[in-house]
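Structure record follows, encoded as C-alpha cells.
The values are calculated or read from the model by the stated rules, or taken from the named source; none is laboratory data. Not measured: the values here are computed from a predicted model. Cβ atoms come from the backbone with ideal geometry, glycine included; neighbour counts cover every protein chain shown. We work out accessible area using only protein heavy atoms, side chains counted, and drop any ligands, DNA or RNA first. Shrake-Rupley method; radii C 1.70, N 1.55, O 1.52, S 1.80 Å.
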Amino acid sequence: MAKNNEYIELPWTMNSSSGDDEAPKDPRTGGEDFTQQFTENDFEVTPPAQRVQFILGEDVDDGTHVSHPLFSEMGMLVKEGDEIEWKETARWIKFEEDVEEGGNRWSKPHVATLSLHSLFELRRLLVNGSVMLDMEAHNLEVMADLVCDHMVSAGTLPPGVKDKVKDALLRRHRHQHEYAKKTRLPIIRSLADMRNHSSSKIEEHSGNTLGATTPISLTASEPGPPGSNGNPSLSTAASGMGRFLTVPSGKPSNRTLEDMVKSPSNQSMARPGSGSELSEQQHKGNTHFMRKIPPGAEASNILVGEVDFLERTLSCFIRLSQAVVLGDLTEVPVPTRFVFILLGPPGSQSNFHEIGRAMATLMSDEIFHEVAYRARKRDHLLSGVDEFLDAVTVLPPGEWDPTIRIEPPAAIPSQEVRKRPPELPKEEVDEEEEEARLREENGLSRTGRLFGGLINDIKRKAPWYLSDYKDSLSMQCVASWIFLYFACLSPIITFGGLLAEATGKHMAAMESLVSGFVCGMGYGFFSGQPLTILGSTGPVLVFESIIYEFCLKMGWEYMTFRFWIGMWVAGICIVLTAIDASALVCYITRFTEENFATLIAFIFIYKAIENVMVIGKNFPVNQGIYDCVCTPPIGSNASVIEYAKYNWDYCESYNGTLVGGDCGSPPTENVFLMSVVLCAGTFLISTVLKEFKNALFFPSIVRQYISDFSVLIAIFAMSFFDYSLGVPTQKLEVPNELKPTLSTRGWLIPPFSEKNPWWSPIIAVFPALLGTILIFMDQQITAVIVNRKENKLKKGCGYHLDLFILSILIAICSVMGLPWFVAATVLSINHVNSLKLESECSAPGEKPQFLGVREQRVTHILIFLTIGGSVLLTPLLRHIPMPVLFGVFLYMGVASLKGLQFFDRILIMFMPAKYQPDYMFLRQVPIKRVHLFTIIQLACLIILWLIKSFSQTSILFPLMLVVMIGIRKALDLVFTRRELKILDDIMPEMTKRAAADDLHKLDAEVGLLARIFPWGKGSRGRVVTKPPGLDGGLAGSGGAGSAGGAVLISCSTSNANEKEFEAQSSLLKK
C-alpha cells in the first residue's frame, strides 16, 4: 500500500473496443442503427476525467439519452424449496440496503463498501463481455431472445445452451416484500396435508435419480404462460421454457409443471407517464416503498447467478432505447432502462455477488449513471469506470473492519466538480466592490435621496406580500404560534409588574398586554421582516424608571412628559429612515451581534434561575411547625387522632374543623421543591422533544409534529402534573378587565399639563436622543441576527421599512400611554428556529438538509392577536404555574445559544485539541489566535453585563453597543484581514468551507504549474490512497458483506490536482 499523498498506477491500459456494441433491433419493431459520431481526438489516451467531461458535454440531440434518477435492484438466482427463481438481495436509491440473511428484513441504509477486486473484475467484464446499447425491446422475453442471439453471434455462448440461458432469464422474480407476506400464512397445517406432502415427496424421490431432468412440454389443452394473450408465437416460444434449467444443489430435483413458475415479466407494457399505471393483476409492487422513489425515476436491474450448464462466465450490459415496465422484474412499478446480466459456472456465487454490488453502486453514482445514459459505445462506459476509480478512496485492510456499515453522511458534497473541466484561475475579485454589491442587495447602501431606502424596501417586499399569507398554511406555523404565544405572554406580564413598580402603576400588566396587541398587529401586517418578534426589553425598563424618577423629583406629570419624549423619538426615527441611517447596520458584524445575542441569552437563563430562587426565599423548605390541626366535628364520636391525619385541603370534605394560627393558608413547605421540578421538567421535556425529529421511533410525520409542539407539550404536561399534586405554586396572574391600571388616567394621554412648564416638550428632545439610540440599536442588531445568511431567507430584508413602522408604533404607544415595544432578540431567534424548513427525506438513509425558514406574517399576527385576547382567557391562564414559564425562559435562552460561533469558541477553550470539533475557523486560523479573539470578545461581554447590572450605569448600555463597533474596528490592528474575515463573518459554514476548498485547490494548482507545463507528459488513471482518519471516522455497526482486503468507499468531490492540470494541459495543446 502506498504512503499518504502518493499515487499508484492502475494495473490496466485503455483498450479500444473492436466489437459492435450496438444492440440488435427487435424484428417486430424495426428501427434504424444509432450512429456513433464523435468529435474528440485521441480519446483513448486522455485522462478518464477529461473523457467523461467530453461525454457529458455533448449535446443530447433527442430525449432518449436524458438522465433520470435511478433505482437499482440486484437479484440472485436461487432455489427456494422446489422453485428456482430470482431473489431480491439488495437495492439502491442513494445508499445500499441489503436483505439480512435469516432476518427476513432490510438492513439500515449504508454507504456501499466495495472490494477493489470486484471493481477490476467488473471492468474486465465490460471489456470482454457483451454491451448492448439502445436495445429495442418491450418485454423481458424479447430482451432475452436478443441477448442470447447476440452472445451466440459473438461466440461467447454455445448454441446448445441458448435455451437454458433464456429459461434462466425468464425465471420468476420474488421480492423481499413478497417474502414478508408469505410468512403471514398459517404455520400449522392439518395432519392430512402433512401426510399428503410427505407421501408426494417419497414418490418424487423414488422416481428420479440424482441430477436428472425431465423434459416438459405444454400441450394445446394446457393454458399458456401468463401474458401470452393467445399469441401463437409467444405460446410456442414459451412452451419450451423450463425444460433444462437446474441450479447447483445438494438435493435431487425433478422439475414438474407446477415447479416451473414463469415470470410475468413478459406482460410488459410501454413506459407509463408516472410509472404507477401498472395494473394490480400484472404486478403487485411494493407501494409503500414507492413513496421513497424520486419522481420520474427509472430502474437498473442487476441479475447475477450460477448455473451448472455453463463452463465460462457470461455477462451483458443492456440499455433499452425506451424505458419499459418489465412486469415483476423490479420491486416497484418503475420502468426499467438498464439491465446487467452475469451468469457463470458453480463456485463463483460470492464473487458474482460482489461484482453485482459494484455494478449497482456504479449505477447509483451521479457521474457514472449520467455516463451510462450518454454512452454511445463500450469505451464510454469504461471511461466512466476509470473516472470512478480515480475518484474513490482506498482504505488499507489492516486499519479498519470491512464488516462495519458506514452511516450515510449528514451532507453529501456536490459532484459538479467531476462533471466540469478544470477552470483557469479566475481574476481576483475586488472585495470592496463585492461587499458594496451585497450591501446594495440587502438595502444597506445609501441611495442619495430622501426615503430612498424605504422605497426600495417596499418595492422589494411588495411582490412577496400575498405569499406571506399563503406560506403559513402548515401545522408548523400552528406550533410556532402557540409556543411563541406563551413565550411572549409571560415576559409581557412580568415586565408589566416591574413597570408598575418603576412608574407608580402608571403602566402595568394591562398596558403591556394592550401595547403587545397594538404593536404586534401593526408590525405583523406592515413590517419588512415579520419574523422579528417585538417585546419589552430591560434597557427600556431602565429608561422608563429614570424618566419617572426625574418627573417625580421635578413634580411634573410623568405621562405627559413621556408623551413628548415618545413624539421626539418617533420623529427622530423617521428622520433616520429618510436619510437611510439603517445603512449603518453594515458596521454591525458578527463580533457585535453575537456579543449582544449571547448577553440576552445569558440574561434569560439567569432570570429564569433567579426567579425560581426567589420562590425559595418566599417559601422556604424549613418553615418550622405548621400550626393547624384537623379536629372532628362537634357532637362526633370520632377521636381527635382519627381526624388529625387529614391534610388541610381534605379536612372540610370530612366535615372536620381546622384549628390553629396557620389555618388561613395552606402549607407551603413543598412549594419551592415543586417549583424546581416544574421548571427543570419543562426545560428537559422541551429540549428532548425538540430533538425528537431525529429519533429512531415512529414515522417521520409523527416525529415532526412532536418536535414542533415540544414546548406546548411540556407546558401542558407540567401544568397537569402541578394540578394533580395540588401544591399551591405561584400561578400566572392575568388582568381580567380591559381598563387602565390607574383609575385617574385614560387610554389617551393629554399633551399638556398644568404641572409641566411650557418648555418641557422642548427639553424632552435630550432624553429622546438617548432613547432613540437605545431603540435603534436594539431593533437593528436583532434584525441583523434574524437576517443572517445562515437562515437562507429568500424574501429580502427591510431595515428601513421596519424602522419606519416602529417609529409610527412608538408614536401610537406614546399617545395611548403604553410601553414601547422593540425587537426582542431571544424571542426572534426562537421564532426563526421554530419555522426552519428541512428537506423531506425520500431516499432511505438520506439526511434532511436545511432549506431555509418559512417566511410568513401569520404567526406574528396570531401571536399578538391572542395576547390581546388573553383577558378573555384569564380563567384558563390562571392554572399555568409560573415555574413552568420560567422553564420556557430557560429553554429559550439555551436554545438561542445554539449556532452562535462565539459560544462555540468559548466551549473550545475548555476542550483538548483532539476532541475539538472540525469547525471551519479552526482549519484556517491558529488556535492561539482563535483564543485571543475569543478572550477579547468575552471581555467585552463581561463589560456589557456589568454595565447592565447596575442601575446607575444601565442607561449607558445602548452607548456601549456603539463602543463595541469601535472596539471591533480597533481589532484591525491586532489581527490580519484574513483572520478577521474568517472569525468575524456571517457567511454560512458550508459556503465558507466550499470557498476554502477552492482556495486551497488554487494554491496547490499554482504550486504544480511549473511541474506540469512541460507538455511531453502522458497521463494514466491513478488512485489516491489515504488512511481512514483523513476522510473522517467510520460510524455505525453491524455486518456488511464486503469481500477482499482494501476497500473502496464513497467518491470524493474532486480528482487529484495533478490529474486535473494534466487534463487542462491536454486541452491547451489542442
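Observations
- Scope segment 511-521; condition open to solvent by less than 10 Å² (accessible area, probe 1.4 Å) and out of contact with any strand residue (DSSP E or B) (no Cβ under 7 Å at 6 or more places or on another chain); matching residues: E511, S512, L513, S515, G516
- Residue match in segment 446-454 (condition: open to solvent by 30 Å² or more (accessible area, probe 1.4 Å), of a type in the set (A, V, I, L, M, F, W, C) and on the phi > 0 side of the Ramachandran plot): yes
- Among the candidates S870, S896, S954, residue that is touching a Lys or Arg at 6+ places or on another chain (Cβ under 8 Å), closer than 29 Å to Q529 by Cβ and not aromatic (F, W, Y): S954
- Taken over segment 585-596, the criterion of being out of contact with any Leu (no Cβ under 6 Å at 6 or more places or on another chain), open to solvent by less than 30 Å² (accessible area, probe 1.4 Å) and assigned to a helix (DSSP H, G or I) is satisfied by R590, F591, T592, E593, F596.
- Filter pass, S364 being polar (S, T, N, Q) and either buried (at least 22 other Cβ atoms within 10 Å of the Cβ) or under 28 Å from the mean Cα position of the chain (by Cα) (or both): yes
- S828 vs. criteria closer than 25 Å to L473 by Cα, of a type outside the set (V, I, T) and surrounded by fewer than 20 Cβ atoms within 10 Å (Cβ to Cβ): no
- Residue in segment 754-762 that is open to solvent by 10 Å² or more (accessible area, probe 1.4 Å), touching a helix residue (DSSP H, G or I) at 6+ places or on another chain (Cβ under 9 Å), in a helix (DSSP H, G or I) and on the phi < 0 side of the Ramachandran plot present: yes
- For the residues G524, G566, the requirement of being in contact with a Phe, Trp or Tyr (Cβ under 8 Å, 6 or more places away or on another chain), under 28 Å from A714 (Cβ atoms) and open to solvent by less than 30 Å² (accessible area, probe 1.4 Å) singles out G524.
- Among the residues of segment 851-866, those identified as closer than 16 Å to L513 by Cβ and touching a Phe, Trp or Tyr at 6+ places or on another chain (Cβ under 6 Å) are L862, I863, F864, T866.
- Any hit, segment 686-701, residues being under 30 Å from M510 (Cβ atoms), among the aliphatic types (A, V, I, L, M), outside any helix (DSSP H, G or I) and touching a Lys or Arg at 6+ places or on another chain (Cβ under 8 Å): no
- Test for D401: is it touching an Asp or Glu at 6+ places or on another chain (Cβ under 8 Å) and either among the acidic types (D, E) or surrounded by fewer than 21 Cβ atoms within 10 Å (Cβ to Cβ) (or both): no
- The set of residues in segment 793-808 that are part of a helix (DSSP H, G or I) and either in contact with a strand residue (DSSP E or B) (Cβ under 6 Å, 6 or more places away or on another chain) or open to solvent by 10 Å² or more (accessible area, probe 1.4 Å) (or both) comprises Y799, L801, F804, I805, I808.
- Single unsatisfied condition, M911 versus (1) over 19 Å from V826 (Cα atoms); (2) assigned to a helix (DSSP H, G or I); (3) not acidic (D, E): (2)
- Of the residues making up segment 112-123, those that are open to solvent by 20 Å² or more (accessible area, probe 1.4 Å) and not charged (D, E, K, R) are L116, H117, F120.
- Residues of segment 613-641 that turn out to be over 15 Å from T668 (Cβ atoms) and either modelled with pLDDT of 85 or more or open to solvent by 80 Å² or more (accessible area, probe 1.4 Å) (or both), as a count: 5
- Of all residues in segment 809-825, those satisfying the criterion of being small (G, A, S), more than 15 Å from A597 (Cα to Cα) and surrounded by 21 or more Cβ atoms within 10 Å (Cβ to Cβ) are S814, G817.
- Every listed requirement among (1) farther than 30 Å from G887 by Cα; (2) modelled with pLDDT of 85 or more is met by A783 save one, (1).
- When V925 is tested against (1) exposed (fewer than 12 other Cβ atoms within 10 Å of the Cβ); (2) under 36 Å from the mean Cα position of the chain (by Cα), exactly one condition is not met: (1).
- Residues (assigned to a loop (DSSP other than H, G, I, E, B) and either touching a residue at least 60 places away in the same chain (Cβ under 8 Å) or under 19 Å from T532 (Cα atoms) (or both)) located in segment 447-472: T447, L450, F451, Y465, L466, D471, S472
Every residue, every condition in (1) in a helix (DSSP H, G or I); (2) touching a His at 6+ places or on another chain (Cβ under 9 Å), yes or no:
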{"residue": "Q529", "(1), (2)": "no, no"}
{"residue": "L541", "(1), (2)": "yes, no"}
{"residue": "F561", "(1), (2)": "yes, no"}
{"residue": "G566", "(1), (2)": "yes, no"}
{"residue": "I574", "(1), (2)": "yes, no"}
{"residue": "A583", "(1), (2)": "yes, yes"}
{"residue": "T598", "(1), (2)": "yes, no"}
{"residue": "M613", "(1), (2)": "yes, no"}
{"residue": "N622", "(1), (2)": "no, no"}
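- Failed criterion for Y705 (all others in (1) assigned to a helix (DSSP H, G or I); (2) at pLDDT 85 or above hold): (2)
- Within segment 943-967, residues that are part of a loop (DSSP other than H, G, I, E, B) have Cβ atoms under 9 Å from residues that are hydroxyl-bearing (S, T, Y) in these pairs: S951/S545, counting only partners at least 6 apart in sequence or on another chain.
- Scanning segment 456-498 for residues that are surrounded by fewer than 22 Cβ atoms within 10 Å (Cβ to Cβ) and of a type in the set (D, E, K, R), we see that the one that is nearest to the chain's Cα centre (by Cα) is D471.
- Any hit, segment 278-301, residues being at pLDDT 85 or above, under 19 Å from G75 (Cβ atoms) and part of a loop (DSSP other than H, G, I, E, B): yes
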